[in-house]
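Trainee: Please find one structure pasted underneath; my questions will follow.
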Amino acid sequence: MTRTSFSIPLRLASTAIAAVAVLSLSGCLYAQIPVGSPTDVPSSSPETDAPSDESSGSTLTFTEGLDLASDTYIEWGDGLVVDEGWKIVSPDEGWKIVSPDDGNGGWTYGTVDGTCTARFWQGYTTDVPVVAGDDSASSDAILGVLLQTPTSEVTPLATTGEFSYMAGGSGGVETRQVVGVDGSRTWLMAARAFTQTGVGLSVVVDCTAADAEATLAAINEENAVVVTP
């Protein structure tokens, strides 16, 4: 899968985030996410369509991320795809491809019943205001870019979560996330920056009639972050 850098202008959202633990959602979630024109950066590693079961460790905390070599390759292992290419997943697995890899490091899955989408991104954090040597604060910075909001306003509202590490269902990769609600609609943005390698990962889960946090947990059972030294 491709990897790109953010080329999204950092500007304050028209309505500042309220100082509450749960963010309110006005209108469609994706209307809040700026549409940029990222520069396509060719991948330097073969695509990974499924997580590997092998791992040099069981966790990748914010602190442990600082021990990575600068040339470590980090990407999503696409456990939601069981065969080569972008195909509709069998109904019992509940997911289908809504938008394949767009060449800019992003692709989107949707549940077969149409209640949730999961928008993935992986790429360089060139245009993200990362904090050198601080993967946690830099992960908040990715969320800030997505929300068009200063990192300082995101950090008090974000919580620490996990992506799976190397194999689905394993947990272990610390992330930062924010959650929003609007009636029956819920959304969740989760991100992880790796300051030693200059890359980041994110997923945006948007559900109209399901719980976004529970949906992310289900995604983590199938999907994992793959690290290649």
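Trainee: Just to be sure I understand the filter: pairs with C-beta atoms under 9 Å, separated by 6 or more residues or on different chains, first member in region 163-174 and polar (S, T, N, Q), second member open to solvent by less than 10 Å² (accessible area, probe 1.4 Å) and assigned to a strand (DSSP E or B). Which pairs pass?
Mentor: 164/77; 164/172; 164/173; 164/224; 164/225; 170/164; 170/224
Trainee: Let me ask something additional. Going by the structure shown, is residue 217 surrounded by 24 or more Cβ atoms within 10 Å (Cβ to Cβ) and among the small types (Gly, Ala, Ser)?
Mentor: Here the answer is no, as residue 217 does not meet what is asked.
Trainee: Right, here's the next one. Looking at (1) at pLDDT 70 or above; (2) crowded, with 17+ Cβ neighbours inside 10 Å; (3) β-branched (Val, Ile, Thr), which is the one condition that is false for residue 72?
Mentor: Here residue 72 clears every test but (2).
Trainee: May I pose another question? If I go through region 155-180 residue by residue, how many of them are open to solvent by 20 Å² or more (accessible area, probe 1.4 Å), of a type in the set (Gly, Ala, Ser) and closer than 15 Å to residue 213 by Cα?
Mentor: Final tally of qualifying residues: 1.
Trainee: Could you tell me which residue of region 112-135 is nearest to residue 202 (Cα to Cα), considering only residues that are surrounded by 18 or more Cβ atoms within 10 Å (Cβ to Cβ) and of a type in the set (S, T, N, Q)?
Mentor: Checking each candidate, the answer is 122.
Trainee: Being buried (at least 21 other Cβ atoms within 10 Å of the Cβ) and at pLDDT 95 or above: is that true of residue 138 here?
Mentor: Yes, satisfied.
Trainee: Of the conditions (1) under 17 Å from residue 130 (Cβ atoms); (2) hydroxyl-bearing (Ser, Thr, Tyr); (3) open to solvent by less than 40 Å² (accessible area, probe 1.4 Å), residue 152 clears all except one; give me its number.
Mentor: Here residue 152 meets the rest and fails (3).
The values are calculated or read from the model by the stated rules, or taken from the named source; none is laboratory data. On a predicted model such as this, the values are computed, not experimentally measured, just so you know. Cβ atoms come from the backbone with ideal geometry, glycine included; neighbour counts cover every protein chain shown. When the accessible area is computed, the model is the full protein with side chains, heavy atoms only, and any ligands, DNA or RNA have been set aside. Shrake-Rupley method; radii C 1.70, N 1.55, O 1.52, S 1.80 Å.
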